[in-house]
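Here is the structure we will look at, set down as structure tokens.
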Amino acid sequence: MQEDSSYAGRWVARIRGKIVAQGGTPEQALRAAQNTRHKEKLEIIYMPIHFSHPPLLDKVRDALPDQDIYLVGGAVRDMILNRLSRDFDFAVPSGGISLARRVARALDANFMILDEERDTGRVIVIDSDNSRTYLDFATYRGGDPSTGSGQALEDDLHARDFTINAIAYDLKTDSLIDPLNGADDIRAKIIRACSPTSLTDDPIRILRGVRLAASFDFKIDLVTRSAMKDAASLLPNISPERQRDELFKILEGPKPDSSMRALEMLGIFPYLMPELSAMKGCEQSPPHVYDVWEHTLKVLGHLEAILAAFESGSGGDDSFLNALVAALGKYRERFASHFTDSLNTDRSVRAALFFAALYHDVEKPATKTVEYTGRIRFFDHDVQGAKVASMRGHKFNLSNDEIQRVKRIVFNHMRFHFFTMQLEEKRKEPARKSIYRFFRDAGEAGVDLILLGLADLRGTRDHTQTMENWNAALDIAKIFLENYWEKREETVAPPRLLDGHELMKELNLDGGRIIGQLLEAIREGQAVGEISTREEALSLARKLVDGGEL
């Protein structure tokens, strides 16, 4: 019926077939009806909402017959939005660990105790393509189970972060429990805190709210936005690891530029990354068209667009992105492979690149000088910025590999622009020695440097970008990527002709730093095409030793 469809996903109270009240839970519908119809006989029923649930949920229900079990949190939100989820959180009255163990046995899946104190167990289902799905079983977070399953569950939902994540799906009855009207907020595309204390209870929810808004293209409710600002000063009370994890989820997700702008406007940076605050309002000379902060946001946005163009194989209606795909599209699979490599099992290479992009100009305010002509310069901002980015990486407890990657990107990010300028103004292509030294210093970060260089260029010139300048940058990118992926043994990583022990024996050397210097000189000689045999390598080494050049 038309009347019924407007209540989809809600519990309603009916009298003689007519709906007289509704709510997100059976109790809410009952209380609402009793306010005006307390003497009449009420029928409380659930009005189905049409969405499909994953078949895995049926297997969980079959493994736990007659058990009160509710899917809660983001997985329910994703079901309503018809999105695939691989993380399922289940709330149960008690026995989370034992129930998880039973499900693991029934599904022939892996089991682990996630949190013994909170009685939480995890089931890990590994699919045929080696992808993983996580099923977490936990006892209710809030409330007293002795008050009844319904009230305890409702207390649990009230204790969560945002209303869109505070919906439960009852596996037994195939119905929603939605005491905070989260489904309505999903339909209205609104991020709303569950309670006035949601953000002060756990300030990391500020970052999570910003991430959810970007991920789903939702708006943050004005009251919630104000609460975020008020709770910002509590962020230092959160562990660096939790700060890092939420930040990196933002950086590897959609709209990192909009998310960073939101964090800045909410006053988060002084408590999370205070070194970023000085970039706002720091002016730059042409060809820059923005201050340092706005430029940084533009770089994040252009970097996301560049990666999306490679993923889709199209630049849409952006002529610069279409030129990018035409010039470098043959490397789409190579780029994809680059970003599947891991620096850390919990965080992506993509997130590390965006973190480096966020910090690439962080020390411009501290290194700013103004010449007598009025031109603004930032000498050594790349060198100093690498130190600051490394410092923040250590404070966030990033892995050594991640810190090294970020440091290399920030330290070397100006080199791409130098080569582009040389090609555009002097028609001078990079020499083989320059290509070798670029990748020697950057390593695998060289690919990231090229992508950041392209995004940096567009973030610098924006609407003043010319196709001539852009094509010069694409030519440089193509030259470097061809050498890295197609001519690797020629110019990037020549095969070793001899090792340190052989050098020591042939030249009667005792070892030490000079051996490494000789090996590097030989590798560079190979890269530029001057050396191709063991004899030529030894000859060069002898010449350098005898001439006292090392």
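Each reported figure results from applying straightforward, stated rules to the coordinates on display, with no laboratory input. Remember, it's a predicted structure, so these values are computed and weren't measured experimentally. A quick note on method: Cβ atoms are made from the backbone with ideal geometry, for glycine too, and the neighbour counts reach across all protein chains shown.
Are any of the pairs K255/K407; K387/K428; K189/K255; K426/K478; K364/K426; K280/K364 more than 20 Å apart by Cα-Cα distance, and if so, which?
Violating the 20 Å Cα-Cα cut-off are K255/K407; K387/K428; K364/K426.
Report the far tail of the P(r) of the stretch 55-257, meaning the percent of Cα-Cα pairs longer than 21 Å. Can you show the working numbers first?
Details: 11360 of 20503 pairs.
Result for the distance tail: 55 percent.
Dipole magnitude of the chain about its Cα centre, charges +1 at Lys/Arg Cβ and -1 at Asp/Glu Cβ only, in debye to the nearest 20?
720
If you take mean projected area of the Cα convex hull in nm² from the coordinates, which of (1) 24.7; (2) 45.2; (3) 33.7 do you get?
Checking each listed value against the structure points to (3).
Among the aspartates and glutamates, select those whose C-alpha is under 14 Å from the C-alpha of K18, and discard any that sit fewer than 8 residues away in the same chain.
Cross-link targets: E3, D4, E40, E43.
Assuming R0 = 51 Å, what is the FRET efficiency of R242 and E535, from their Cβ-Cβ distance, to the nearest 0.05?
0.30
Using alpha carbon centroids, what distance separates the stretch 317-385 and the stretch 405-468, in Å?
Value for the Cα centre distance between the two parts: 9 Å.
Considering only DSSP beta bridges where both residues belong to the stretch 55-257, give the percentage that are antiparallel (nearest 5).
On the way: 22 of 30 bridges.
DSSP beta bridges in the stretch 55-257 are roughly 75 percent antiparallel.
For the stretch 273-491, what class follows from the C-alpha gyration tensor (a ≥ b ≥ c being the square roots of its eigenvalues): rounded when a/c is under 1.5, otherwise prolate if a/b is larger than b/c, else oblate?
rounded
Highest first, please rank the peptides 474-487, 169-182 by the mean number of other Cβ atoms sitting within 10 Å of their residues.
Details: 474-487: 18.6, 169-182: 20.5.
Answer by packing, highest mean first, reads 169-182, 474-487.
May I ask you to evaluate 6.51 cos²θ - 1.76 cosθ + 1.60, the Karplus curve with θ = phi - 60°, for each residue of the stretch 303-310 and list the ³J(HN,Hα) values in order in whole Hz, giving x for glycine and proline?
5, 4, 5, 5, 5, 5, 5, 5
Report the extension gain between A8 and E371 in nm, rounded to one decimal, defined as 0.36 nm multiplied by the number of residues separating them, less their alpha carbon distance.
Full extension of this stretch gives 124.0 nm more.
Can you list the HN-Hα couplings for the stretch 355-368, worked out from phi with the Karplus curve (6.51, -1.76, 1.60; θ = phi - 60°), rounded to whole Hz and with x for Gly and Pro?
After applying 6.51 cos²θ - 1.76 cosθ + 1.60, I find 5, 5, 4, 4, 9, 5, 10, 4, 9, 4, x, 6, 10, 5 Hz.
Which distance in nm do the two modelled labels at R496 and A336 give, with both placed 7 Å along the Cα-to-Cβ direction?
Placing both labels 7 Å beyond Cα along the Cβ direction yields 3.5 nm.
Reachable aspartates and glutamates from K219, Cα under 14 Å, same-chain residues fewer than 8 places away excluded?
The reachable aspartates and glutamates, counting only those whose Cα sits under 14 Å from K219, are D184, D185.
Looking at the chain, send over the antiparallel percent of its DSSP beta bridges, to the nearest 5.
The answer is about 80 percent antiparallel.
Can you give me the long-range amide H partners of R10? Hydrogens built in the peptide plane at 1.01 Å from N, cutoff under 5 Å, separation of 5 or more residues or another chain.
M47
List, in the order given, every pair from K330/K433; K330/K543; K229/K249; K249/K487 whose Cα-Cα distance in the structure shown is over 32 Å.
K330/K543; K249/K487
In angstroms, what radius of gyration and Dmax does the stretch 338-382 have, counting Cα atoms only?
16.2, 51
Roughly speaking, what is the stretch gain from S215 to D201, that is 0.36 nm per residue apart minus the C-alpha to C-alpha distance, in nm to one decimal?
2.7 nm
Estimate the FRET efficiency between K18 and D66 by the formula 1/(1 + (r/R0)^6), using the beta-carbon distance for r and 35 Å for R0, to the nearest 0.05.
0.55
Based on the alpha-carbon gyration tensor of the stretch 2-46 and its eigenvalue square roots a ≥ b ≥ c, which shape applies: rounded if a/c is under 1.5, prolate if not and a/b is larger than b/c, or oblate? Intermediate results must be reported in sequence, preceding the final value.
Numbers: a/c = 2.20, a/b = 1.37, b/c = 1.60.
Oblate is the answer for the stretch 2-46, as a/c is 1.5 or above yet b/c matches or exceeds a/b.
What distance in nm separates the two pseudo spin-label positions at K433 and V289, each 7 Å out from Cα along the beta-carbon direction?
If labels sit at K433 and V289, their model points lie 3.9 nm apart.
Relative contact order (percent) for the chain, with alpha-carbon contacts under 8 angstrom and 6 or more residues of separation?
In percent, rounded to a whole number, it is 8.
Between the stretch 1-69 and the stretch 208-271, what's the alpha-carbon centroid distance in Å?
A separation of 35 Å, based on Cα centres.
So how strong a dipole does the stretch 283-401 carry about its Cα centre when Lys and Arg Cβ are +1 and Asp and Glu Cβ are -1, to the nearest 20 debye?
220
Looking at the stretch 47-144 only, what percent of DSSP beta bridges run antiparallel? Nearest 5 please. Provide the component values of the computation, followed by the final result.
Values: 15 of 21 bridges.
Here the share of antiparallel DSSP bridges comes out near 70 percent.
Once both labels are modelled 7 Å past Cα along the beta-carbon direction, what's the K172-N400 spacing in nm?
In this crude spin-label approximation the distance works out to 5.4 nm.
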